[in-house]
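Read through the structure below, which is laid out as structure tokens, and then see the notes.
The values are calculated or read from the model by the stated rules, or taken from the named source; none is laboratory data. On a predicted model such as this, the values are computed, not experimentally measured, just so you know. All Cβ positions, even for glycine, are placed from backbone atoms using ideal geometry, and neighbour counts span all protein chains on display.
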Amino acid sequence: MKVPLLDLKGQYQKIKSDVLRITEDIYESQHFILGPHVESLEKQIAAYCHTGFAVGVSSGTDALLISLMALGIGPGDRVITTPYTFFATAGSIARVGAIPVFADIDPDTYTISPANIASVINIMNRAEKERLKAILPVHLYGQCADMDPILEIAASFRLHVIEDAAQAIGAEYKGRRAGEMGDLGCFSFFPSKNLGAFGDGGMTTTREESLYRSLIMLRNHGAHPKYYHNLIGGNFRLDALQAAIVAIKLQYLDAWTRSRQDHAATYARLFSQASLLNRIHLPVERENRHIYNQYVIRVPADDRDALRVFLQDSEIGTEVYYPVPLHLQKCFASLHHKPSDFPEAEAAAMQTLALPVYPELELEQQEYVVKRIKDFYRHR
Ligand SMILES: *Cc1c(COP(=O)(O)O)cnc(C)c1O
């Protein structure tokens, strides 16, 4: 039995007629960038995320970049973030000339630990504290970071908060949606995300009108009106085609999320029935609406790569998010980090494995995944 990590073909069949109709409309209109489809999606995402404002941008990466730019974060400034995330989180901080300051993760949820944020700030000298501008937590795998203490720390040091919600549209923390808690929320419509376009796309959300106005300008080279540049922005515009396709998919998002949550519950039941809970750790949910953009298990480091190969040979797709924590990436050598600086991130990088969890996954496929993991552990 084949169980790919992700199979978007089934999803496409469901929305195909709507997609073909809307794309034909756009081809006929020959209006490809921004415009009514983008504006309509912005309103829908702002409503879905409870933020009031949303600005369509060219990718999740650009959502992060434009957020940092809108807050005026630049050369020499410091931004606290997690070392265990997709590269774009810290890459965007560095691209505006600021310095990513890492704080280690909580080993249960893999999201940035508020206690570690506090200790990172504590050991900063005065000059460093003065340049500290923001905290950038990541709602990893579809589960929100522990936002209340993060927002408290931010308030006491007058820091901005940018939520990297690229994996977490629809996730909730104590009843609040991903993107509505910080100053800005960043979303990605990369095709493999839980709400994916047919190419690159993203969205930045905010509850503040002044930030919204900056975002609108920055996405179009800082111009307002056309050819009068108040700010140095970039081309961060969203395509009409991508917006229209995302808007079609948004109607299904809650149903797809329920399927993902059901699959997570099914895995938990199957792993328990297979008596595997002494071998593998399941994802931990904390006062959250976890939307399971990824379903990530944890196994001893000695087993992880062998298990991955074993499952590959059984035609089961898996992924390692992320094999190298960001503080150990070559491009950040100038930050002078070394192995053991962030032990929880490093342990997660060696021990975690993502299993298939996409909405269309069948029960028999999940049973097969768990059976093969059981088979793997028979020989260990
Ligand atoms: C996918 C992702 C991004 C970047 O989004 P793109 O649309 O691929 O640019 C940023 N942060 C995290 C945590 C992501 O998973």
Report summary line: Taking region 264-282 and keeping residues in a loop (DSSP other than H, G, I, E, B) and in contact with a helix residue (DSSP H, G or I) (Cβ under 7 Å, 6 or more places away or on another chain) leaves ALA274, LEU276, LEU277, ARG279, ILE280, LEU282
Query raised in the report: So is LEU361 of a type outside the set (Gly, Ala, Ser) and crowded, with 21+ Cβ neighbours inside 10 Å or not?
Result: yes
Query - Selection within region 184-239 - aliphatic (A, V, I, L, M) and within 24 Å of the chain's Cα centre (by Cα) - result: LEU184, LEU195, ALA197, MET203, LEU211, LEU215, ILE216, LEU218, LEU238
Query raised in the report: Does region 1-30 hold any residues that are farther than 15 Å from ILE245 by Cα and not small (Gly, Ala, Ser), and which are they?
Result: MET1, LYS2, VAL3, PRO4, LEU5, LEU6, ASP7, GLU28, GLN30
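Restricting attention to region 203-220, does a residue exist that is touching a helix residue (DSSP H, G or I) at 6+ places or on another chain (Cβ under 8 Å) and surrounded by fewer than 19 Cβ atoms within 10 Å (Cβ to Cβ)?
no
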Report summary line: In region 159-177, anything out of contact with any strand residue (DSSP E or B) (no Cβ under 6 Å at 6 or more places or on another chain) and part of a loop (DSSP other than H, G, I, E, B) is listed as GLN167, ALA168, GLY170, LYS174, GLY175
**Report entry** Matching residues in region 302-352 - criterion: being of a type outside the set (D, E, K, R), assigned to a loop (DSSP other than H, G, I, E, B), touching a residue at least 40 places away in the same chain (Cβ under 8 Å) and farther than 22 Å from VAL79 by Cα
**Finding:** SER314, GLY317, THR318, TYR321
Report task. Hand me the list of helices (runs of 4 or more DSSP H) wholly inside region 1-91 holding 3 or more residues that are in contact with a Cys (Cβ under 9 Å, 6 or more places away or on another chain). Result -> 60-70
Query raised in the report: ASP108: among the charged types (D, E, K, R), outside any loop (DSSP other than H, G, I, E, B), assigned by TED's automatic domain parsing to the domain that holds PHE190 and under 26 Å from TYR321 (Cβ atoms), yes or no?
Result: no
Query - Identity of the residue in region 158-195, of a type in the set (Ser, Thr, Tyr) and within 13 Å of the ligand (Cβ to nearest atom), that ends up surrounded by the most Cβ atoms within 10 Å (Cβ to Cβ) - result: SER188
